[in-house]
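Here the structure is laid out as C-alpha cells; the discussion comes afterwards.
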Amino acid sequence: MSTEPTVTPPSLVVGEDGLARPVWASTDALLRDYYDTEWGMPVRDERGVFERLSLEAFQSGLSWRTILAKRPAFRAAFADFDPDTVAEFGEDDVARLMADAGIVRNRAKILATITNANATIALRQDGGLADFVWSFRPDRTPEPVTFADVPTTSDESVALSKALRKRGFAFVGPTTMYALMEALGIVDTHLVGSHRRGTSGVWG
C-alpha cells in the first residue's frame, strides 16, 4: 500500500490576470468569458429567463461548453428565444430544427422548448416567468469552498420543478432547475475566494 499522501487538486486557479477562478473556467477562453461576465449575474426579464431555461434543458446529458459554443446557432434557430414566436412553431419548424447541425438535434428537447414557450405565455396572467422563478429564491445561499461543497439540488429547486410542471413546463427536473437558479443569480455558488463571489449584488 502506498504511503504517499493524497493530493487534492485545487478548486481555484489564479490566472495571469491575478483573478481566482474555478478550474473549469481557468483555461478555456469561452468558458472563462462566460464565467467572468454572465454566470450568476441576475437575469429578470422573460426572454432571458426563457432562453436560459431552454438551454439548461438542452444541456442535460451534455457539457455546458457544448451548449455555450452552440448558443449563437440556438438563438438564430429559436428566434432569439422570443416565447411568442417559438410558441407558434409547427411541424415544419421542428423538421427545420432537426436538420440544423448548429444546435442539439433532440426532438424531445425541441418539442419541450415549444411547450415551454406556450407555458411561459400562460404564466403572464400570474406575473410572468421571471417573477415566478425568482419567487423560489432561498433565504440563504451556499458558501462552497470546493466543488464537493456545491449542491446539485435544493428544496427550492425541487419545489420550483414541481411548480413549473404543474404549469405545463417540460424538462424542468430539480437538478436542471438548480443549474438554472445558479445561472440566473438566484443562488450564488461561486467558490469562496473566487473573484466573482458576491458580485451579483443579490447576496452581498
- Message: Can you say whether F50 is closer than 20 Å to A122 by Cβ and in contact (Cβ under 8 Å) with a residue 40 or more places away in the chain, as far as the supplied structure shows?
- Response: yes
- Only one of (1) farther than 19 Å from G40 by Cβ; (2) surrounded by fewer than 21 Cβ atoms within 10 Å (Cβ to Cβ); (3) without any contact (Cβ under 8 Å) to a residue 24 or more places away in the chain is not met by D139, so which one is it? (1)
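The rows are residues; the columns are (1) over 30 Å from A95 (Cβ atoms); (2) out of contact with any Asp or Glu (no Cβ under 9 Å at 6 or more places or on another chain).
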| position | (1), (2) |
| --- | --- |
| K109 | no, yes |
| G127 | yes, yes |
| S135 | yes, yes |
| P142 | yes, no |
| T152 | yes, yes |
| D155 | yes, yes |
| R167 | no, no |
| L180 | no, no |
| V187 | yes, no |
- Task: Select from the range 81-92 the residues that are open to solvent by less than 50 Å² (accessible area, probe 1.4 Å) and assigned to a helix (DSSP H, G or I) and write down the one among them that is farthest from L55 (Cα to Cα).
- Result: A87
- Task: Could you list, in sequence order, all residues of the range 58-74 that are without any contact (Cβ under 8 Å) to a residue 24 or more places away in the chain and surrounded by 14 or more Cβ atoms within 10 Å (Cβ to Cβ)?
- Result: R71
- Query: Can you name the residue in the range 145-167 that is in a helix (DSSP H, G or I) and of a type in the set (D, E, K, R) and is also least open to solvent (accessible area, probe 1.4 Å) among such residues?
  - Reply: E156
- Message: Quick check on the range 93-106. Is at least one of its residues surrounded by 13 or more Cβ atoms within 10 Å (Cβ to Cβ) and among the small types (G, A, S)?
- Response: yes
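The values are calculated or read from the model by the stated rules, or taken from the named source; none is laboratory data. Note that the structure is a prediction, hence the values are computed from the model and not measured. Cβ coordinates were reconstructed from backbone atoms using ideal geometry, including for glycine residues, and neighbour counts include every protein chain displayed. Remember, those area values only see protein heavy atoms, side chains included, never the ligands or the DNA or RNA. Shrake-Rupley method; radii C 1.70, N 1.55, O 1.52, S 1.80 Å.
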